[in-house]
Amino acid sequence: MKTHIALIGILSGALLVLAGLSPNHSLAQAPFYQGKTIKIVAGTAPGGIGDNRVKAMVPFLRKYIPGNPSIVTEYMDGGGGRQVGNHMYRNARPDGLTIGAFSSSVLALSILRETGVMYDVDKFIYLGSPESSSHLVFYTRKDAGFNNLEKLRAASGVRVGARPVGHSAYIASRFFSYFLGLKEPRFIPGYGAPELDLALLSGEVDARANTATSVWKRNPDWVQKGLMDFHAIYAIPKDLKHERFGHLPEIESFARSEKERRLLALSRLFRLTGSPYVLPPGTPKDRVEIVQEAIRKTFKDSEFNRQYQKIVGEDASPMTPEELTKAIQDTPRDAELVELFKIFSGAAPLPPR
């Protein structure tokens, strides 16, 4: 009888070895993400610079997440960032299979305590950001005739096209209009990124703010052939020069007071967080660590940096999970500045100067 039991044990061990398993483990544990699909919920529209940033990340996330899961993208561009923020906080399952790809406006809206925000920015789990530097430019269509700042300031009711109210590009358009001294500008929000290009070309709007990378990536002839008049640049961080637009005056050169400079400093901090990737609150720690480590490896991969430059049109300037979390924790919550910034992020008229 003992011989019979021993023989069964030997045969069982042999079968485990043949199956690639240790006799001490009943099953080899497959990676959690193997055979699964991760959904990236992107708070942007297809075809814009935000979409390109996501596309640059996806292959490397798949490469470095053990199990090489499939990854799909869902676009949720609405409410200036409120829609994707609310979804990730209230509706996304905290199972590690839904990742939010935010714009910096999602964070700003929460810190500013804007209406319609049903999420707490301090409770998201931060995975990192592929970019922490940025340049925005303000420009007008050539046939509007505003080929210098004097003409732009002399005009009344310049139609400034913009992304939805609260979006970082909408806020930038308001900052430019204020600091450049536009006379009673008319803000026309609600456009998607490619739609706004068409609105500018058709004469539906006269001006817009956009990232310098987007201009050069989608419409290089606007620069090369002088089809638009470029008036100023907004650099994040402040002293970061742009290769093609470095000749433009920086927005802070138009500030008239220390209060206005502090306002710009707060705005830069919001933009510094770049394009944050997040998991919903309550995601299990082991899955958080898997995705965070995959993002760390992505940012260290030289091929990622080459592909990011190719797809996005600019160098990556990544923030690790730890750096991004600290930047958000350290963002000033000064009540006076917050209230002033809220005027720029909302639909109310700009304050007088």
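Below, the figures for the structure above:
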quantity	calculated
Unique match (being closer than 28 Å to Glu322 by Cβ and either surrounded by fewer than 24 Cβ atoms within 10 Å (Cβ to Cβ) or among the hydrophobic types (A, V, I, L, M, F, W, C) (or both)) among Ser168, Ser133, Ser156	Ser133
All positions within the stretch 191-219 that are in contact (Cβ under 8 Å) with a residue 12 or more places away in the chain and of a type in the set (S, T, N, Q)	Asn210, Thr211, Thr213, Ser214, Asn219
Residues that are of a type outside the set (D, E, K, R), free of Cβ contacts under 8 Å to residues at least 24 places away in the same chain and open to solvent by less than 40 Å² (accessible area, probe 1.4 Å), drawn from the stretch 223-256	Gly246
Sole residue being touching a residue at least 40 places away in the same chain (Cβ under 8 Å), within 19 Å of the chain's Cα centre (by Cα) and over 17 Å from Ile233 (Cβ atoms), chosen from Ala144, Ala162	Ala162
Candidates Glu252, Glu204, Glu260, Glu293 - the one that is out of contact with any Ser or Thr (no Cβ under 9 Å at 6 or more places or on another chain) and over 28 Å from Ala155 (Cβ atoms)	Glu293
Where a residue in the stretch 61-73 is assigned to a loop (DSSP other than H, G, I, E, B) and its partner, wherever it lies, is among the hydroxyl-bearing types (Ser, Thr, Tyr) and open to solvent by less than 20 Å² (accessible area, probe 1.4 Å), with Cβ under 7 Å and at least six apart	Ile65/Tyr33; Pro66/Tyr33; Gly67/Tyr33; Pro69/Tyr33
Extreme residue, surrounded by the fewest Cβ atoms within 10 Å (Cβ to Cβ), among residues of the stretch 27-55 that are hydroxyl-bearing (Ser, Thr, Tyr) and in contact with a strand residue (DSSP E or B) (Cβ under 7 Å, 6 or more places away or on another chain)	Thr37
Filter pass, Arg163 being open to solvent by less than 50 Å² (accessible area, probe 1.4 Å), more than 17 Å from Leu248 (Cβ to Cβ) and either of a type in the set (Val, Ile, Thr) or part of a loop (DSSP other than H, G, I, E, B) (or both)	yes
Qualifying residues in the stretch 309-322 (those that are out of contact with any Lys or Arg (no Cβ under 8 Å at 6 or more places or on another chain) and among the hydrophobic types (A, V, I, L, M, F, W, C)) - the one surrounded by the fewest Cβ atoms within 10 Å (Cβ to Cβ)	Ala316
So Ser267, is it crowded, with 18+ Cβ neighbours inside 10 Å, in a loop (DSSP other than H, G, I, E, B) and of a type in the set (Gly, Ala, Ser)	no
Qualifying residues in the stretch 111-129 (those that are in a loop (DSSP other than H, G, I, E, B) and within 27 Å of Lys297 (Cβ to Cβ)) - the one most open to solvent (accessible area, probe 1.4 Å)	Lys123
Subset tally (residues that are modelled with pLDDT under 90 and in contact with a Leu (Cβ under 8 Å, 6 or more places away or on another chain)) for the stretch 331-344	3
Scan of the stretch 288-299 for residues that are closer than 22 Å to Leu240 by Cα and open to solvent by 30 Å² or more (accessible area, probe 1.4 Å), ordered by number	none
Filter pass, Pro94 being closer than 27 Å to His242 by Cα, surrounded by fewer than 24 Cβ atoms within 10 Å (Cβ to Cβ) and not aliphatic (A, V, I, L, M)	no
Answer residue from the stretch 323-340, given it is free of Cβ contacts under 8 Å to residues at least 40 places away in the same chain and farther than 15 Å from Leu272 by Cβ and is least open to solvent (accessible area, probe 1.4 Å) among those	Ala335
Flag for Ser132 being within 28 Å of Arg333 (Cβ to Cβ), assigned to a helix (DSSP H, G or I) and at pLDDT below 95	no
Residue match in the stretch 92-104 (condition: farther than 22 Å from Thr320 by Cα and within 20 Å of the chain's Cα centre (by Cα))	yes
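The values are calculated or read from the model by the stated rules, or taken from the named source; none is laboratory data. This is a predicted model, so every value here is computed, not measured. Every residue, glycine as well, gets a Cβ built from its backbone with ideal geometry; the counts of neighbours run over all protein chains shown. Side chains included, ligands, DNA and RNA excluded: accessible areas come from the protein's heavy atoms. Shrake-Rupley method; radii C 1.70, N 1.55, O 1.52, S 1.80 Å.
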